[in-house]
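First up is the structure itself, then whatever we jot down about it.
The values are calculated or read from the model by the stated rules, or taken from the named source; none is laboratory data. Bear in mind the structure is a predicted one, so any value in this text is a computation, not a measurement. So basically every Cβ, Gly included, is an ideal-geometry build from the backbone, and we count neighbours across all protein chains shown. Surface areas here come from the heavy atoms of the whole protein model, side chains and all, with no ligands, DNA or RNA. Shrake-Rupley method; radii C 1.70, N 1.55, O 1.52, S 1.80 Å.
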Amino acid sequence: KNIFPAKVLDLEPDKNQLSLAMDDFVIHTPYFARQKGEEVSWCIRPEEIMLLKPDRPLKSILKENKIAGLVTQMLGKNSAYLLQVKLQDSSKELFVQIPNHVVHKWGITKGSHLMLSLKKSAIWLLES
């Protein structure tokens, strides 16, 4: 479900990093051999998207790929909720899996504004 088109902006093999442009976002992924300007598709599993607490300082690993969004749908699945989150200033939507206890503790409901981090190590490019 979390599959998105993007364009390669920058390649930094020495930093093990590829930078992608998606709408007005820059997404940093592990390095994959691609060409600058190439159209690609990337993906991330819903359980690999981290929910950021607004009152906590960010660990350096979570500072990259910060994205704000609005919860538009919620589906309870066993011990977790699957949230559909519309990205701020974009028509794109992410699916995010959050444990039940976190949803209840934080009071997350449809209409909640969330800050998310897409873990760089969990982002994959799809072969075309």
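In the chain, a dipole from Cβ-located charges (positive for Lys and Arg, negative for Asp and Glu) runs towards its positive end, and of Tyr81, Asn100, Thr29 it is Asn100 whose Cα lies farthest in that direction.
Across the range 99-115, coupling constants 3J(HN,Hα) worked out from phi with the 6.51/-1.76/1.60 Karplus curve, θ = phi - 60°, read x, 3, 4, 6, 4, 6, 4, 8, x, 6, 9, 4, x, 5, 8, 10, 10 Hz, and Gly and Pro carry x. Based on DSSP H segments of at least four residues, each scored -39500 (n - 2.57), the chain has a per-residue ellipticity at 222 nm of -2000 deg cm²/dmol.
Note on Lys105: accessible area is roughly 150 Å² with a 1.4 Å probe, heavy atoms of protein only. Model label sites at Lys7 and Glu38, defined 7 Å from Cα along the beta-carbon direction, differ in position by 1.6 nm. Taking a ≥ b ≥ c as the square roots of the eigenvalues of the Cα gyration tensor, an a/c ratio of 1.5 or more together with a/b larger than b/c marks the chain as prolate. The label-point distance for Gln17 and Ser90, in a model that sets each label 7 Å from Cα toward Cβ, rounds to 1.8 nm. Between Ala68 and Gln88, Leu116, the built amide H atoms are under 5 Å apart, and every one of these is 5 or more places off in sequence or on another chain. 3J(HN,Hα) along the range 13-24: x, 5, 9, 6, 9, 10, 10, 10, 9, 9, 6, 9 Hz, from the Karplus curve 6.51 cos²θ - 1.76 cosθ + 1.60 with θ = phi - 60°, whole Hz, x for Gly and Pro.
Let me make sure I get this right: for the range 79-125, a, b and c are the square roots of the gyration tensor eigenvalues over alpha carbons, sorted descending. Under 1.5 in a/c it's rounded, otherwise prolate if a/b > b/c, else oblate. Which is it? Here the range 79-125 falls in the oblate category. Spin-label model, Arg45/Thr109: points 7 Å from Cα along the beta carbon direction are separated by 3.2 nm.
Rolling a 1.4 Å probe over the protein heavy atoms leaves Lys7 with an accessible area of roughly 90 Å².
Residues whose amide H lies under 5 Å from that of Tyr81, counting only those 5 or more places away or on a different chain, are Ile98, Asn100; hydrogens are built 1.01 Å from N in the peptide plane. Taking 25 °C and 0.890 mPa s as conditions, the range 1-42 diffuses translationally at an estimated 241 µm²/s according to Stokes-Einstein applied to its Kirkwood radius (Cα pairs).
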